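Notes follow once the structure below has been shown.
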Amino acid sequence: MAQQEDVFKKIVSHCKEYGFVFPSSDIYDGLGAVYDYGQNGVELKNNIKQYWWQSMVLLHENIVGIDAAIFMHPTTWKASGHVDAFNDPLIDNRDSKKRYRADVLIEDQLAKYDDKIQKEIDKAAKRFGDAFDEAQFRATNARVQEYQQKRDALHERFSKALNANDLEELRQIILDEEIVCPISGTRNWTEVRQFNLMFKTEVGSTADGASTIYLRPETAQGIFVNYLNVQKTGRMKLPFGIAQIGKAFRNEIVARQFIFRMREFEQMEMQFFVKPGTELEWFSKWKQTRMAWHQALGFGAENYRFHDHDKLAHYANAATDIEFHMPFGFKEVEGIHSRTNFDLSSHAKYSGKKIEYFDPETNESYTPFVIETSIGVDRMFLSVMCHSYCEEQLPNGETRVVLRLPAALAPVKLAVFPLTKKDGLPEKAQEIIKDLRFHFNCKYEEKDQIGKRYRRMDAIGCPYCVTVDLQTLEDNTVTLRDRDTMEQRRVNIADLRGIIEDQVSITSLLRKIDN
Ligand code: ATP
């Protein structure tokens, strides 16, 4: 675990050193849980967004996009339930004065039992080698069974307390499990209290009676309030979806783990409107579709899992998370929820407008049900970074840091180097860039030895480098070097576009998921 934490620290400093992510307002020592994306980060982020957007809007004829405002009529948040119920249960440790989410402390405790079980399994697997039967071991080993029983009992008690919103019971669980504050090491806990996560501000000057409005805590409501507009003007027939990418704001109290939990972040959400009664079928379809989107990046199926929710929101009839294996454990990157007709009905009630769909096939009107897929751009960015960061031992004894980014997401696709700064080599290199920059992102570099330039490009995940030398001036060939294999080959300048373009395009990813 300590080793994993070290790796995570290295990733955070790598993100800063190579222009991916900076603390916000860095010259003033940053602002808690707010970050800025640098010159390479913004490109990677844009590529992630493009991959998502195109997978929704290009590959589905019945999904269209919108871009709603961040400010919304305040009644929106009354109708959505956020004013009354968008709360986190918080607990303080009196000795360290640190504040925690009570549910997260208990979830961490559950993960500890899982870790203990896994350790026993790993030990036994080593001991028994090929003959090891994990299912049998789980069913018969006394220690594993003991941990499993404790875990299951805790899990049941925790779900019950969450569903009943029983804050006292949450506190009691923390005491009974002897959970200590990671900073002070003590069990001196306060009561558990609810805390609303929405940021408030005011529109209009105070003189003319300003009214309180909120910064949206999710983008979804912008889609619900536009359901009628889009359905009517786009003449959409059920089932159909509306996709949106945009900023969301939550006053997260426990802001940890870099860009995993931020106060200002970006979401990519798609609400899919369906006929009532068909929602669970669509829920299961969207689970598969979204998992395929993640797995097309090639990070290995073993690094993803579904985590079904123990506590269903009162309006949901199914919910799951897609979790990714981060250096600090399996963590939620995306939520998929079957939200029934709660949101549309509630907006109909609060606005007094009829929000229904007339079904021409059955000649009846009804409020559509909704399946939502909701993914955080920043968490996705973090998972891509964590999986791609690699320190590699080279045969010559040196180590290199390489970001093995999927080529389609890499900020820079091709770096072009003149071997030296003379003999017309820089001009020739610029000529290549001038020709290729229309097709993908290219970068020119002439400073330092070629080896150093390669390392810098490895560190930002640039999949291809090209070196222009004296031979280039004679026969129009260059050395093309591959980031991952470090192999170099001589190719014709005229062939560069053909070799690189398909590998680095978002289309190459979309093809993998289009079936
Ligand atoms: P968590 O339980 O981690 O607080 P959540 O279940 O409240 O997350 P949702 O409301 O389902 O999250 O939001 C959908 C997605 O938005 C999440 O899967 C995550 O990727 C992203 N997200 C939510 N909160 C944050 C945040 N504070 N910072 C960055 N991304 C976030």
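Table: residues versus (1) touching a residue at least 40 places away in the same chain (Cβ under 8 Å); (2) over 19 Å from ALA79 (Cβ atoms).
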position: GLY204; (1), (2): no, yes
position: TYR214; (1), (2): yes, no
position: MET236; (1), (2): yes, yes
position: PHE240; (1), (2): yes, yes
position: ILE253; (1), (2): yes, yes
position: GLN257; (1), (2): yes, yes
position: PHE272; (1), (2): yes, yes
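How about segment 309-336: which of its residues are farther than 26 Å from ALA407 by Cα, open to solvent by 40 Å² or more (accessible area, probe 1.4 Å) and away from the ligand (no atom under 13 Å from the Cβ)?
HIS314, TYR315, ASN317
Among the strands (runs of 3 or more DSSP E) contained in segment 403-515, which hold 3 or more residues that are open to solvent by 60 Å² or more (accessible area, probe 1.4 Å)?
Output list reads 488-492.
Return yes when THR362 is within 16 Å of the ligand (Cβ to nearest atom) and either modelled with pLDDT of 95 or more or more than 20 Å from GLN295 (Cβ to Cβ) (or both) and no when it is not.
no
Only residues in segment 62-88 that are open to solvent by less than 50 Å² (accessible area, probe 1.4 Å) count as the first member; pair them with residues that are acidic (Asp, Glu) and assigned to a helix (DSSP H, G or I), Cβ under 8 angstrom, at least 6 apart or cross-chain, and list the lot.
Here the result reads ALA79/ASP343; SER80/ASP343; ASP88/ASP103, each pair linking segment 62-88 to a residue that is acidic (Asp, Glu) and assigned to a helix (DSSP H, G or I).
Condition first: part of a helix (DSSP H, G or I), open to solvent by less than 90 Å² (accessible area, probe 1.4 Å) and in contact (Cβ under 8 Å) with a residue 12 or more places away in the chain. Now tell me which residues in segment 139-162 satisfy that.
VAL144, TYR147, GLN148, ARG151, LEU154, HIS155, ARG157, PHE158, SER159, ALA161, LEU162
Checking VAL230 against (1) assigned to a helix (DSSP H, G or I); (2) within 16 Å of the ligand (Cβ to nearest atom); (3) among the β-branched types (Val, Ile, Thr), which test does it fail?
Against the list (1) assigned to a helix (DSSP H, G or I); (2) within 16 Å of the ligand (Cβ to nearest atom); (3) among the β-branched types (Val, Ile, Thr), VAL230 comes up short only on (2).
Go through the residues of segment 340-357 one by one and say whether even a single one is within 10 Å of the ligand (Cβ to nearest atom), at pLDDT 95 or above and crowded, with 22+ Cβ neighbours inside 10 Å.
No: segment 340-357 contains no residue that is within 10 Å of the ligand (Cβ to nearest atom), at pLDDT 95 or above and crowded, with 22+ Cβ neighbours inside 10 Å.
Kindly indicate whether ARG250 is within 27 Å of ILE63 (Cβ to Cβ), within 14 Å of the ligand (Cβ to nearest atom), open to solvent by 40 Å² or more (accessible area, probe 1.4 Å) and among the basic types (Lys, Arg).
Numbers: within 27 Å of ILE63 (Cβ to Cβ): yes; within 14 Å of the ligand (Cβ to nearest atom): yes; open to solvent by 40 Å² or more (accessible area, probe 1.4 Å): yes; among the basic types (Lys, Arg): yes.
For ARG250, the condition - within 27 Å of ILE63 (Cβ to Cβ), within 14 Å of the ligand (Cβ to nearest atom), open to solvent by 40 Å² or more (accessible area, probe 1.4 Å) and among the basic types (Lys, Arg) - is met.
The values are calculated or read from the model by the stated rules, or taken from the named source; none is laboratory data. Just so it is clear, the model here is predicted, and its values are computed rather than measured. Positions of Cβ are generated from backbone atoms using ideal geometry, with glycine treated the same way; all protein chains shown enter the neighbour counts. What goes into the accessible areas is simple: the full protein's heavy atoms, side chains included, and nothing from ligands, DNA or RNA. Shrake-Rupley method; radii C 1.70, N 1.55, O 1.52, S 1.80 Å.
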